[in-house]
1. Ignoring everything but the protein chains, give the 1.4 Å probe accessible area of ARG253 in square angstrom, nearest 10.
2. Express the carbon and sulfur contribution to the solvent-accessible surface of segment 1542-1587 as a percent, rounded to the nearest whole number, probe 1.4 angstrom.
3. Top to bottom by accessible area (1.4 Å), largest first, where do HIS499, HIS1413 land?
4. Quick one: which residues, 5+ away or cross-chain, put their amide H under 5 Å from the amide H of PHE1195? H built at 1.01 Å from N.
5. Pop the C-beta distance of THR599 and SER824 into the FRET formula with R0 = 41 Å and round what comes out to the nearest 0.05.
6. Quick one: accessible area per residue over segment 989-1126, 1.4 Å probe, rounded to a whole number of Å²?
7. Full extension from GLU552 to ASP1443: what is 0.36 nm times the residue separation minus their Cα-Cα distance, to one decimal in nm?
8. Please go through the residue pairs LYS652/LYS1056; LYS652/LYS674; LYS527/LYS1226; LYS523/LYS549 and name each one whose alpha carbons sit more than 23 Å apart in this structure.
Amino acid sequence: MSNSSIGHHNLFHNQRLLRPVSLEHQSKLNSFGIVANSLFKAARRSSSFCRNDLKLRRSKSGIGGSRRSVIFTPRAVLSMEPSFEDESYAMHSVVFGPLGIERCDTDSFLLTEQVFVSNSLAASVAQINIQVTYSSDSLLLHWGAIRDVKEYLVFFGARKWVLPSRRPNGTKNYKNRALRSPFIKSGSNSYISIVIDDPATQAIEFLVVDEAKNKWFKNNGQNFHIKLPIREKLIIPNVSVPEELVQIQAYLRWERKGKQMYTPEQEKASVKQLFNYRDKISDACQSKTSINAPRNSLLFVKEEYESAHFELLEEVARGTSIEDLRARLSNKNDRREIKEEPSVSKIKNRIPDDRREIKEPSVSKIKNRIPDDLVQIQAYVRWEKAGKPNYSREQQLREFEKAREELQTELDKGVSINEIQKKITKGEIKTEVSNQLQNKRYFSTTRIQRKKRDIMQLVNKHAAKSVDDKVSKYAEGKASVESKVLKAVELFAKEKEEHDGGAVLNKKIFKLADKELLVLVTKPGGKVKVHLATDLEQPVTLHWALSKKAGEWLEPPPNVLPPGSISLQVAAETQLKNESSTEFSYQVQSFEMEIEKDTFIGMPFVLLSNGRWMKNNGSDFYIEFSGGSKHIQKDASDGIGTAKALLDTIAKMESEAQKSFMHRFNIAADLMDKARDAGELGLAGIFVWLRFMATRQLIWNKNYNVKPREISKAQDRLTDLVQDIYANNPQHRELLRMVMFTVGRGGEGDVGQRIRDEILVIQRNNDCKGGMMEEWHQKLHNNTSPDDLIICQALIDYIKSDFDVGVYWKTLNENGITKERLLSYDRAIHSEPNFRRDQRDGLLRDLGNYMRTLKVSYPSHYVGGPAMIYSTYSWVIKKQHLVHSGADLDSAIGNCMGYRSEGQGFMVGVQINPVPGLPSGFPELLQFLLEHIEDKNVEALLEGLLEARQELRPLLFKSKDRLKDLLFLDIALDSTVRTVIERGYEELNNAGPEKIMHFITLVLENLALSSDDNEDLIYCLKGWKHALSMSNRKSDHWALFSKSVLDRTRLALASKAEWCQNVLQPSAEYLGSLLGVDQWALNIFTEEIIRAGSAAALSTLLNRLDPILRQTAHLGSWQVISPVEAVGYVVAVDELLTVQNKTYKLPTILVAKRVKGEEEIPDGTVAVLTPDMPDVLSHVSVRARTSKVCFATCFDPDILADLQAYEGKLLRLKPTSADIAYSELKVGELADSNSTNLKEVSPSHIKLVRKQFRGRYAISSEEFTSEMVGAKSRNISYLKGKVPSWIEIPTSVALPFGVFEKVLNEDLNRVSRLVIVKLLDDQEVANKLQMLKKNLAEEFSALRQIRRTVLQMAAPPQLVQELKTKMQSSGMPWPGDEGVRRWEQAWMAIKKVWASKWNERAYFSTRKVKLDHDYLCMAVLVQEVINADYAFVIHTTNPSSRDSSEIYAEVVKGLGETLVGAYPGRALSFICKKNDLNTPQVLGYPSKPFGLFIKRSIIFRSDSNGEDLEGYAGAGLYDSVPMDEEEKVVLDYSSDPLITDDNFRRTILSSIARAGSVIEELYGSPQDIEGVIRDGKVYVVQTRPQM
């Protein structure tokens, strides 16, 4: 051996024995799948060299703490192996003595390793022989190889073990991270030999494990590391070996090695294909034809493929041609054998007695060889320029060769190595990567290729139906105003809250039999004010006190006693006083008291009435002066809108459920059938209950000892039942997904037992058996809970922070775990963690693995969001690059793809089999997700997540045993999308609108995939795709159309939020009141669920895009509907509807969050500003213009927030047609203002004239006069015959004024229900109406009873006959010809029109302008319904700008009710100059999600004498009712020619504008016109003067 070689090996020994080689990657042992810190302490060593002997004194700690010294003799020996005759070898060996073991016993451990290196031309191999002297016969070598460090760092940025394809017999793949090979026992020694035939392998690393005793042997706490001497590399020519030849060579290698079976998943995916494919490949080689190799399926032969490829390149380097290779490989009987692994005897004979010199390898001198480090740098440059793609191993090798070729080109030009090095660093070497790589088959894209799908296949129309009519109205958001009518004590509270103006500290309503008691605590002006009110009729005395701590009664100070109070020893008595309000319409008995803040904390009291003491369920009443009480509840409406019976049962079972999770899950499972039968509200009740549990509002464990496996079993039982309901009830799947994720997956393979077992292994492996870890261990054995996930994460954070215990407490506290909570466990945790630094790596890995076991039983984050037990931590996760979400996704993927975890020692094992029937290519897709889960640029990851959900979707509709695993995977994918998109906001900071729109489509798709009734979401998605198409085409209207899609998407999100509010919130409030849940948790229950879902992320994206679109489309921040200058005091309200019957004494500017379009504007209001978007021609818009009220939509949330901040202050508004300027005024400045002053509005002088019945039940259009019908009927009669023939006028008849009153007083409707028609109650209709009218001033809910009573009327025969005659003579179809039922439908429609006289809007409107409501008479205009393609409303003078030269119109798809009624969204709007009617200008595209369509039918229109009075816009107050119910259709604007076809749109809009111009000319004044388009024809159905 040469001196250099000897020197190298001596240095090697020195490093190994004094200090084991420590490389960078050894701190990342988790990727190897090995235990970083074994059960055995690493002993300290002192050493010195003495010639050939190394004396090493080693301390070994055992139970008794004894020590002993050991002498090592390193030996470097030479050996000639007979099988390697005539070949040249380099060999070294090293001997390790006894290693530290767990206890002091008689076992000794001696390890000898030898390395043989062959540098023959035939093969370049290294052979490592390892001999162990140890008594056990169950030794395994846990090992892997290390290739070129630089190469790995270039492409992956980390180190890991490579798993060689050439392996000893019996080798098993350990989690794709390491190999485990068995030693061969012979006497007292065990042997193993490893052959490395890859010249790129630089070293191997290993540990030795005694599998039977669960003992790990290391080299002083580190891996054994054997560095392989450099072996000669052949010069590989620039030749491409055909892929089919490589496939054959790889197959032959695999076959000769005994057809090694890999993991079950890999085997299933690949082996069968290889067997079937083998002959096909060979035949193709013989015929010199090419075939497509199934590369994507050969997952498990990756290493075989690489080795085979290198072998063939070596052969080519030695002179073998490609044709010779093809000939040899196509001959099935001529296979090059792979050398056998050495036998035991050969290994033993290789250890020589003395040393022999090894000859220096014979190396061919290479002229001008380029150093590998320069090739590495150039490869890195290429990789970086290509966008840092994820290359496979083969692609890396090719990239190295391309890099080498580029450098060789420079060298051939005469450039020196030094100059090349300088050029590389400056980037001056010509490199072509992007185009080249994209055109190569082997190019691995950094994003998946999404499949083209019909987006309509995603539509779900499974809308749940409510079980009750009231609930149905509540769930659909159509509850009428009477549902919002407040009770007496609530009206009292509302007035006091408005009057006090300060914060509401506390508010509670107690039930007193059928009466109520309100206690309200406010804080006006820094003082605490207590209001108490009851609607009890008997006089009430309040016996009360104050307290500085709970349960205390203290005599109130004299200065706080209300007048007339009597001071007692420890209390006071006050007689409640009668109080009423005409403005708020209530009468109560009340009490008021004011004290300084912070002097007392609460007020105990009881009531005395009629000689009887009244308490709160046997206890004193008590109200805190702050909102901190756990049991503060608001009225839960007695369970209205809930599955009340189920919730009552849950409340009764709660005491049992509190014992443990096992009890709760089993009770939930027992109730699932009842919940399913109750429908949507029943399942909502179960979800709410479990949600309360998950958010710790309910007790988890009440000193009950339960085994984890029992919890796991109960969890499985519950999720199995939910899975079955999911499969059979598609209308409830969205709720059931929420239930499943709240519960968690549950264990499989006895994961519950592993929770108990693995904590013991962690303690033993890392020598941490006492203190906090032992206390946690005892807690886990007694009862596991989701708290354990947080504790585990807190420990991990503590270790990662360099053992900062403050970080430990920070993680716990942020997730709701305090010291008190730790002490409250049945097995309390008293201690803080206290680990040693040498335990760091082992604990990090073991606790990380333990997290996965815990997560199998408990979900780590929840669809409902931040209030969930893990939610706070989810924000920390976002900062940690999605580690947590990635782990959850990894766990869900593992449960579907299958995995196996071997038991160690006493631990049970887990084996999860793959879910059968997964789509082709699905495993690769999931692998892509895991590999990219932490990508900074998230677009490709999002597309991959959605592609996975799309692939998974068909399987979720099939009932199968493993459905819940697929569901949990889909939930994990959904959750990951939400987390990833939030991480991707930074990516959008400088992005253009198209990028934001693309992200919107991705999140919208995700939301649609998780929703039951998603048709509207799908059409929004189609709209966004059309908007992107318009943007790409540079359409002038792309931003305007995009804005309409954005508005519609917001409406869809609002609808989804409303569904949550209507379905979940009532159950939360009712059940929460029964279980004593914190009021704050109830207040935000639904809000937190919404905020944590995709809807919240989508809303954020929309908010980013909105100002960009408005700026691009020149929309500004306002749409001014009624441009009136105004001065008033700012008042902010949630809904205009809730204050429409109010009268403001001072001029008021209302800032209302919601305006639907049908509301009345309250008296005293001078302006209404809203972010909502009612149509310009909606009722409220017309009312605002008529009443000279400023009305505008504000699109900018910052401006709106600024306006709200002015609440209570005086503002001046100066609107233009496109903007509003506002400024604050002082009251003194008002005198200089020319606008609205502070005086009350003078009463109206508008009068109604009572109409009389003229003896006719029905008349034709020729008989329409002002005494018989209203202006609506007369105007339509006037148009007939006067407009051009291209404007169609429908045929009409009418039921004139007075018919309703006549029918009401017919004897037919004065006979009792029981005697004649059985339709009436105890009172006759007429008398009942008179009685109800008297109650209107006191209770508005009487309006509803009046309407119901009207609907009970019967039709006189004379009315039926006259109406039939008039309709038939006018050419209209008579409903009775189709049967009695059809006439009954028509008669009901007529009565609904009459009943609309008593709708809330109409009643409030007439009352405010002092019209006598009794004088209002209702005629009914009867017309045949035109099944419209489009409906329109025209104002022949632009109502916003008041420009008489412009026609303004709005168009909707379907019937016009969506335009004039309170339907959400905006219509298509346009203007048209009267001198250029062929050039309409679109102002906005439609955003209304629904259209109404109807078959051929009859419509009955209201036509009252109060609709067209001068100075009063009564139009739209009353109902028009079709005989048949309209069909509500979700609209797809992306396929509507009015949107997509410019010529069609121009034609339709121009014809509408021309019709308006014609009718305006006919009347000679501005007109408000309604009509429809059918098959391109214009129909005008009514016109009136424009107000």
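1. Surface open to solvent at ARG253 totals about 0 Å².
2. C and S atoms contribute 46 percent here.
3. HIS499, HIS1413
4. Residues meeting the criterion, in which the H sits 1.01 Å from N, are TRP1118, GLN1119.
5. 0.80
6. For segment 989-1126, the per-residue accessible area is 32 Å².
7. So the extension gain works out to 313.6 nm.
8. Violating the 23 Å Cα-Cα cut-off are LYS652/LYS1056; LYS527/LYS1226.
The values are calculated or read from the model by the stated rules, or taken from the named source; none is laboratory data. Note that this is a predicted model, so its numbers are computed, not measured. Heads up, the Cβs are rebuilt from the backbone with ideal geometry, glycines too, and the neighbour counts pull from every protein chain shown. The protein model used for the area step is the full one, side chains on, heavy atoms only, and it has no ligands, DNA or RNA in it. Shrake-Rupley method; radii C 1.70, N 1.55, O 1.52, S 1.80 Å.
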